[in-house]
1. Looking at 590, 532, which one is open to solvent by 10 Å² or more (accessible area, probe 1.4 Å), outside any helix (DSSP H, G or I), of a type in the set (D, E, K, R) and farther than 30 Å from residue 336 by Cβ?
2. Could you tell me whether residue 471 is buried (at least 19 other Cβ atoms within 10 Å of the Cβ), modelled with pLDDT of 90 or more and in a loop (DSSP other than H, G, I, E, B)?
3. Of everything in segment 122-144 that's open to solvent by 50 Å² or more (accessible area, probe 1.4 Å) and at pLDDT below 95, which residue is nearest to residue 155 (Cα to Cα)?
4. Residues of segment 109-125 being in a helix (DSSP H, G or I) and free of Cβ contacts under 8 Å to residues at least 40 places away in the same chain, which ones?
5. Can you tell me which residue in segment 437-449 is modelled with the lowest pLDDT, limited to those that are surrounded by fewer than 18 Cβ atoms within 10 Å (Cβ to Cβ) and out of contact with any Lys or Arg (no Cβ under 9 Å at 6 or more places or on another chain)?
6. Taking strands (runs of 3 or more DSSP E) that do not extend beyond segment 323-398, which have at least 2 residues that are touching a residue at least 40 places away in the same chain (Cβ under 8 Å)?
7. Residues in segment 538-572 that are open to solvent by less than 10 Å² (accessible area, probe 1.4 Å) and part of a helix (DSSP H, G or I): how many?
8. Give 358, 341 a once-over and let me know the one that is of a type in the set (D, E, K, R), within 23 Å of the chain's Cα centre (by Cα), surrounded by 18 or more Cβ atoms within 10 Å (Cβ to Cβ) and over 22 Å from residue 392 (Cβ atoms).
Amino acid sequence: MPPRMRASPRGTPFAIRCRMPGAARPSCRGFEFSGVGDALATGGRVNAPSQRCGEADEASRAALAAPGGPAASAEQRVLRILLADDEADIVTGLAELLRLELACEVEIACDGATAWRLATETQPDVLILDVRMPGMGGLEIARRLLNRCAASASVPPLLIAITGRDASDVVDGLTDCFRHTFSKPVNLPDLLQVLRLHARGAAARPVLARFELASLASRAVSEATPMFHARGLALCFDHEGPLLVLEDDEAALHAGLYRLLCAMHDLIGSGAVFCHAGIGPPRDGACRFRFELAASGTPGAVSLEEVAARLQLVMEPPWPRADLPGGSLQASGLCPASGARVRLQSAPAEGIVLRFERDCRVNRIVYPAVHAGGRHAWLLQGALPEAQVFTRRLQRLGWQVRAFESESELLQALAAAVPLSRPDLVFRLDGVAATGSTRPEGPAVVVVVTAGADALRRSRGGSQELLVYPVSTAELVALTRRFAAFGSPLDDEPAGLAAAPHELPRVLVVDDLELNRIAAAALLGALGYPVDEAADGLDAVDRCRRSPPDIVLMDVNMPVLGGIETTRHIRELQRLGRLAPFAIVAATADADAQTARRCLEVGMDAVLSKPLMLEALQEALNRVTIRARSS
């Protein structure tokens with residue numbers, strides 16, 4: 001018996017009261033069905049997902065019908081799904097909709113024991129499990145199934161978790177065991193898209209992007225710098241060699257580099273860390289990229305063995321070696337996100353080295369043909385370790401560099417300088433934007449600030465340029481070109497290397513109230529930011545794992561997973577290298593001092609009060625946008 005259909009007011013058909021033979025009439029409570037046609041007749045509210053629902057559904061249908069997709073092959077096997085939830089009306093309604101939309105086979109279980117039996121007997125392609133069921137919850141079923149597959153060396157099915165209850169106590173286990181997690185009411189268009197991609201075998205394929213590798217390394221250092229400075233640690237960055245333009249999994253490389261920086265942050269208690277990025281000679285269209293961290297100072301609170309275990313490195317036997325002092329430690333392994341080779345070396349009284357190496361297929365190699373021709377650049381705060389490395393980077397580009405430890409010393413030298421020795425550029429590495437009588441007259445001033453600094457609140461421009469430390473090589477090349485004695489035309493540089501305006505970052509709005517999401521999306525749209533949406537913290541984690549945003553605007557109070565717990569979990573995933581880093585801005589109606597302190601303690605970058613005001617939102621995004629745009 002075919003499902004009963006009627007037309008929407010605009011003439012587009014949509015499913016209503018869909019009944020399968022022998023199935024009870026479903027109550028669709030607990031699921032968001034917007035996007036299946038125009039709408040589905042449900043008792044639940046309609047969600048406005050990141051893509052407009054119709055767009056998401058059409059994209060999924062197009063994916064299904066694309067060449068090589070399930071609709072393109074008559075021999076494509078039917079997707080077999082096991083759906084387990086102790087709420088019978090929810091599980092029946094969802095099962096019927098999945099059959100209608102995907103033409104798949106769906107088996108139903110209303111308790112954990114039945115779900116486990118069916119999972120082992122029928123071996124479905126996909127398991128959609130409620131986290132909390134009587135007897136055996138979905139998390140326990142997933143753990144048992146993963147252990148069973150590991151013991152038999154078989155590929156586990158796609159595991160998807162759903163829950164409508166507080167998940168703060170199980171969120172770590174959910175992301176460990178499940179590929180995707182959804183809060184109730186489930187966003188059906190997102191769920192359908194995940195299942196269609198899985199049916200095509202495309203869910204595990206990386207998303208490729210075109211980017212410049214040294215700028216990505218610089219961005220990772222920029223994002224890690226605040227946590228190093230918070231403990232009084234210097235973080236220096238250097239890059240030598242050409243610029244590599246890749247078409248690769250940018251998010252995976254980003255996560256792998258940030259993971260290494262977090263590990264070094266835990267290993268060193270005081271001192272300085274020196275980062276060096278470079279490449280080996282090209283071979284067969286590939287180059288070996290190396291990102292090395294060398295630390296000197298006192299040990300940190302976390303042991304080498306703990307960090308090696310966290311990085312999934314294998315400790316090498318401590319046999320005596322003539323080339324290493326006694327008590328030395330070495331460990332090596334692969335980065336799970338990027339596949340890079342990672343090596344940890346430590347020697348008593350010598351220091352710690354972490355090395356990240358990966359062979360990259362290069363889209364283009366750029367040797368920036370630019371030279372300052374001996375023009376003068378002055379640096380304020382020249383005694384800092386970061387300033388000394390920054391000086392060497394400028395000297396390679398042909399600058400004559402003079403460093404000053406105080407502003408008064410710089411101003412006196414400027415007043416006494418003859419025209420030929422006056423600087424063309426003054427770099428303030430203290431992060432302070434000079435005004436009035438303290439601003440040097442004549443030379444251009446570049447203020448180098450730490451990511452998230454208050455100086456970034458206002459729109460950038462005027463006589464003083466703001467750059468985020470450590471400043472990428474591409475940015476230094478573009479800056480040098482303005483004063484260069486010679487240089488290649490801008491057209492010779494690939495996209496992204498010139499100092500052209502960048503596309504604004506993508507913002508993920510997370511809020512359980514649709515009205516708040518609509519209002520925030522309208523404000524962000526007015527400022528020019530592209531917007532995605534998620535209706536709960538658990539949905540936000542899943543969306544970030546699928547496609548990391550540049551910035552998250554996070555509600556604090558949400559029913560399944562609140563903003564503070566969501567942020568804590570996201571920051572932990574980023575520390576482990578399972579998620580690329582990005583900024584998180586809180587948006588809360590409880591904008592008291594205690595809530596703001598809790599938000600900042602778990603790693604949020606700023607706190608805004610509701611209702612959101614355009615100017616305050618713009619200032620907060622300015623602080624984090626330059627960080628997100630640094631690559």
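The values are calculated or read from the model by the stated rules, or taken from the named source; none is laboratory data. Everything numeric here is computed off the predicted structure, so don't read it as measured data. Positions of Cβ are generated from backbone atoms using ideal geometry, with glycine treated the same way; all protein chains shown enter the neighbour counts. Remember, those area values only see protein heavy atoms, side chains included, never the ligands or the DNA or RNA. Shrake-Rupley method; radii C 1.70, N 1.55, O 1.52, S 1.80 Å.
1. Numbers: 532 fails: farther than 30 Å from residue 336 by Cβ.
Being open to solvent by 10 Å² or more (accessible area, probe 1.4 Å), outside any helix (DSSP H, G or I), of a type in the set (D, E, K, R) and farther than 30 Å from residue 336 by Cβ holds for just one of 590, 532, which is 590.
2. Details: buried (at least 19 other Cβ atoms within 10 Å of the Cβ): yes; modelled with pLDDT of 90 or more: yes; in a loop (DSSP other than H, G, I, E, B): yes.
Taking the combined requirement at face value, the residue satisfies it.
3. Looking only at segment 122-144, we keep the residues that are open to solvent by 50 Å² or more (accessible area, probe 1.4 Å), and these are 123, 132, 134-135, 140, 143-144.
Filter again for at pLDDT below 95, leaving 123, 132, 134-135.
Details: 123: 11, 132: 25, 134: 27, 135: 26 Å.
Looking at the filtered set, the residue picked out is 123.
4. Taking segment 109-125 as the starting set, the residues that turn out to be in a helix (DSSP H, G or I) are 112-122.
Once the filter is applied, which keeps residues that are in a helix (DSSP H, G or I) and free of Cβ contacts under 8 Å to residues at least 40 places away in the same chain, segment 109-125 yields 112, 113, 114, 115, 116, 117, 118, 119, 120, 121.
5. The residue in question is 437.
6. On the way: elements: 329-334, 341-347, 351-366, 376-380.
Correct list: 341-347, 351-366, 376-380.
7. Residues flagged as open to solvent by less than 10 Å² (accessible area, probe 1.4 Å) and part of a helix (DSSP H, G or I) within segment 538-572 amount to 10.
8. Numbers: 341 fails: surrounded by 18 or more Cβ atoms within 10 Å (Cβ to Cβ).
Checking each option against the conditions leaves just 358.
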